[in-house]
Amino acid sequence: METDLIIIPLAVGFLTLGFVCLLYWLVTREDAGEERMREIAEYIRVGANAFLKREIKTMSFFIVALAVILYLAMGKWQITFGFLAGALLSILATLIGMNAATRANVRATNAARKSAADALVLAFRGGGVMGLSIVALNLIGISALCILFGVGPENPDAVGLLVGYGFGASLSALFAQVGGGIYTKAADIGADLVGKVEAGIPEDDPRNPAVIADQVGDNVGDCAGRGADLFESTADNLIATMIIGVCFIPVYGWKAVMFPLLIWAVGALCTIIGLFAVRPWKGLSPISSLNVGLFSTGLLSLAAFYIISVYFMGDIRFFYCLSLGLLTALIVSLVVQRYTGANGRPVREIAEASESGAAINIITGFSYGMESAAIPIITIAAVIAISYLTFGGGLLGIYGVAASALGVMEMAGIIMASDTFGPIVDNAGGIAEMSGLGGDIEEKLDALDSAGNITKAITKGYAMATAALTSVIMIFAYLSEASKHMGVTLVDVNQLAHRLNASNPFLIIGLLVGATIPFLFSAFTIRAVSRTAFHMIEEVRRQFREIPGLLEGKAKPDYARCVDISTKNAIKEMFPPTILGLVAPVIVGFTLGAWVLVTFLLAVNVVGALLATFMFNAGAAWDNAKKYIEAGHFGGKGTDAHAASVVADTVGDPFKDTAGPSLHILIKLENILSITLLPMFLAYHLL
């Protein structure tokens, strides 16, 4: 029966959670190595947990207060309960994933003493805990809320009550990504500028006071922050598509609403198989071994798309659009590799520019970053057009676009696993260097770290693609909810669209205001990194200056002090950009109305996606140009070219790991918040 379909994603969610436990056990049963290795790993784990504990405690007060306001304003317990559930499950997913990552790092270091292949598999399974956690908890969370809220064929409008869950997930993600991004880049900048440039000591040198804070930052930024990002991407995508699906019940029945959850459930099973497909395959490079998992998941997903489209939905066009979405994820990933790959022409030219100084390096990288934004956005525009026309345009074409967005999201679990693999092997390399394990082990881990840099860059491009397509679906969901509250059907969308007349100056105002928000938000986050890094740099200099014998290796630095500086300042600095994201759509909705808010959201979506792509690609290219020089090109380490590349990399750090990734979340937060508060905006302007 159609009413029983909800049991399938719920059951798959709990099954996936079982595999989370299995992966965690497979990682933690491995040997953590020598005492010195375990000691360093414990510094990292305690520092990461201390940051998350303070961050969660701080944002919990904010979330509870907002939940009370939401209930008083909306008067619906379901939206408030969903808001709290979305925030809680997002936090839980990041806690589980990061805890596994901080235990996998030292075990990957020890595994590398045997072989690089063993270290790769262990680190990837550690990343798989995060990947499967976001999949499992979203399936469980949304399915359970559907049952609790009575969502079903007899009460289809109850689907709209799920928006609170998406809002909670988005807000939690913004805190995690902004706070973690500020932390990690402040520590990274302090370690690089003072340690590598001023003191001339290697990266991850145990004499550097900021080195543990830097390793902690890899986990709270790349792991916890990115996990929260993809968790809310999934939540918002599924909820928006389910809301749109209500409009197509006359065509496909209740299956139109359950379709997104079933696709996601199948994706969870394909991801589990893909995770275990990553093995120490003979003759394959690390990145090729990881690609085995990615392509296995993709191919299995294609087969599942066909079965569900033909035999469940009874429409082959779903298969075409789902596959198109999957192809989009691949194209965007290839573009990211083109502009950020260590051996690509852009990175080589940026590295070569370092011979003329930091300024020329920065100019070159800036230009390539701007260029890199073109192909992904044009590709997404083409996908929207093709999927819309595949379903014949009109109202039904909207569902085609939604299907393409689902296709992009299908790979979120395996992509997140490969992303978390990055900080795990980065930490593993740092632990090896700080423990003095020797060049052979460090070389093995450096090779894995290079693969991890690629997977992290791919994930940022993937997250941007999901944000852009999801934001389009959320605009449609916004219109769908508006039509419901106005007492018309979305078939009469032309009655709504006439309000978006380009001759209306207030709609232009919405576009202009919306376009400024990503710039203001980026300014706040980048300046937050700058202020926090200032304190970190001063502390590292102080310790080099005041601790006798530190640079000679005769004294131990105060790692805890640097961890505390990054933690304290990141927590304080994460509020201004978060509040901007919350306040902006509320002010526009109440002052200018629900229809001006549509143009506001369109501008945020387009400008935010372009700006994010530019920033994380430019930052990654500067980073890899530095690594290209450190590999021995253009004079190698210790040269003026190397110093220039470190400066440029420092400029790119807040671009690629703070402002850029946070914009993904800002885009979706603006949309889901607007949908949540839409009844209030409409009611206010009808008074």
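The values are calculated or read from the model by the stated rules, or taken from the named source; none is laboratory data. Note that the coordinates shown come from a computational prediction; the quantities given were computed from them, not determined experimentally. Cβ atoms come from the backbone with ideal geometry, glycine included; neighbour counts cover every protein chain shown.
Of the residues 358, 329, 353, which is of a type in the set (A, V, I, L, M), touching a Ser or Thr at 6+ places or on another chain (Cβ under 6 Å) and more than 25 Å from residue 116 (Cβ to Cβ)? Spell out the reasoning first.
Details: 358 fails: touching a Ser or Thr at 6+ places or on another chain (Cβ under 6 Å); 329 fails: touching a Ser or Thr at 6+ places or on another chain (Cβ under 6 Å).
Answer to the check: 353.
When residue 403 is tested against the conditions (1) surrounded by fewer than 24 Cβ atoms within 10 Å (Cβ to Cβ); (2) of a type in the set (Gly, Ala, Ser); (3) modelled with pLDDT of 90 or more, the lone failure is (1). Provide a single number: the residues in the stretch 181-203 that are within 17 Å of residue 424 (Cα to Cα), modelled with pLDDT under 80 and either among the basic types (Lys, Arg) or surrounded by 22 or more Cβ atoms within 10 Å (Cβ to Cβ) (or both). Result for the stretch 181-203: 0.
Residue 661 - would you say it is touching a Phe, Trp or Tyr at 6+ places or on another chain (Cβ under 8 Å) and part of a helix (DSSP H, G or I)? Write out each step before concluding.
Values: touching a Phe, Trp or Tyr at 6+ places or on another chain (Cβ under 8 Å): yes; part of a helix (DSSP H, G or I): yes.
Answer is yes for this residue.
Taking residue 668 as the residue in question, decide whether it is of a type outside the set (Ser, Thr, Tyr), over 27 Å from residue 232 (Cβ atoms) and buried (at least 24 other Cβ atoms within 10 Å of the Cβ). The answer is no for residue 668. In this entry, residue 224 is excluded by the filter for residues that are farther than 30 Å from residue 141 by Cβ and either in contact (Cβ under 8 Å) with a residue 12 or more places away in the chain or crowded, with 24+ Cβ neighbours inside 10 Å (or both).
Within the stretch 505-526, does at least one residue satisfy the condition of being closer than 30 Å to residue 324 by Cα, at pLDDT 90 or above and surrounded by 24 or more Cβ atoms within 10 Å (Cβ to Cβ)? Checked against the condition, which is being closer than 30 Å to residue 324 by Cα, at pLDDT 90 or above and surrounded by 24 or more Cβ atoms within 10 Å (Cβ to Cβ), the stretch 505-526 yields at least one hit.
Taking the listed residues 79, 91, the one that is crowded, with 22+ Cβ neighbours inside 10 Å and over 30 Å from residue 431 (Cβ atoms) is 79, with no other qualifying.
Does the stretch 628-639 hold any residues that are closer than 16 Å to residue 364 by Cβ and not aromatic (Phe, Trp, Tyr), and which are they? Even if it seems obvious, please write down each step before you answer.
Step one: filter the stretch 628-639 for residues closer than 16 Å to residue 364 by Cβ, giving 628-629, 633-634.
Those that are closer than 16 Å to residue 364 by Cβ and not aromatic (Phe, Trp, Tyr): 629, 633.
Residue check: residue 388 meets all listed conditions (1) crowded, with 19+ Cβ neighbours inside 10 Å; (2) touching a residue at least 40 places away in the same chain (Cβ under 8 Å); (3) farther than 30 Å from residue 646 by Cβ but one, namely (2). Take the conditions in contact (Cβ under 8 Å) with a residue 24 or more places away in the chain and crowded, with 24+ Cβ neighbours inside 10 Å and apply them to residue 147. Does it pass? So residue 147 does not fit the description; no. Quick check: is even one residue across the stretch 41-64 farther than 30 Å from residue 569 by Cα and in contact with a helix residue (DSSP H, G or I) (Cβ under 6 Å, 6 or more places away or on another chain)? No, because not a single residue in the stretch 41-64 is farther than 30 Å from residue 569 by Cα and in contact with a helix residue (DSSP H, G or I) (Cβ under 6 Å, 6 or more places away or on another chain).
Take residue 118 and decide whether it is part of a helix (DSSP H, G or I), under 30 Å from residue 284 (Cα atoms) and of a type in the set (D, E, K, R). If you could, list the steps in order and put the result at the bottom.
Working: part of a helix (DSSP H, G or I): yes; under 30 Å from residue 284 (Cα atoms): yes; of a type in the set (D, E, K, R): yes.
So residue 118 fits the description; yes.
Give the residues of the stretch 552-584 that are in a loop (DSSP other than H, G, I, E, B) and closer than 23 Å to residue 47 by Cβ, sorted by residue number. Passing the criteria: 553, 555, 556, 557, 558, 574.
For the stretch 98-126, the set of residues classified as among the polar types (S, T, N, Q) and crowded, with 24+ Cβ neighbours inside 10 Å consists of 102, 105, 109, 110, listed by residue number.
Just so you know, in the stretch 606-665 the residues that are in contact with a Lys or Arg (Cβ under 9 Å, 6 or more places away or on another chain) and basic (Lys, Arg) include one that is surrounded by the most Cβ atoms within 10 Å (Cβ to Cβ), and it is 656. Would you mention how many residues in the stretch 392-431 are within 13 Å of residue 453 (Cα to Cα) and without any contact (Cβ under 8 Å) to a residue 24 or more places away in the chain? Counting residues in the stretch 392-431 that are within 13 Å of residue 453 (Cα to Cα) and without any contact (Cβ under 8 Å) to a residue 24 or more places away in the chain gives 0.
Residues in the stretch 201-244 that are small (Gly, Ala, Ser) and within 22 Å of residue 168 (Cα to Cα) were compared, and the one that is farthest from the chain's Cα centre (by Cα) is 240. Taking the stretch 367-383 as the range and being over 22 Å from the mean Cα position of the chain (by Cα) and surrounded by 18 or more Cβ atoms within 10 Å (Cβ to Cβ) as the test, only 368 passes.
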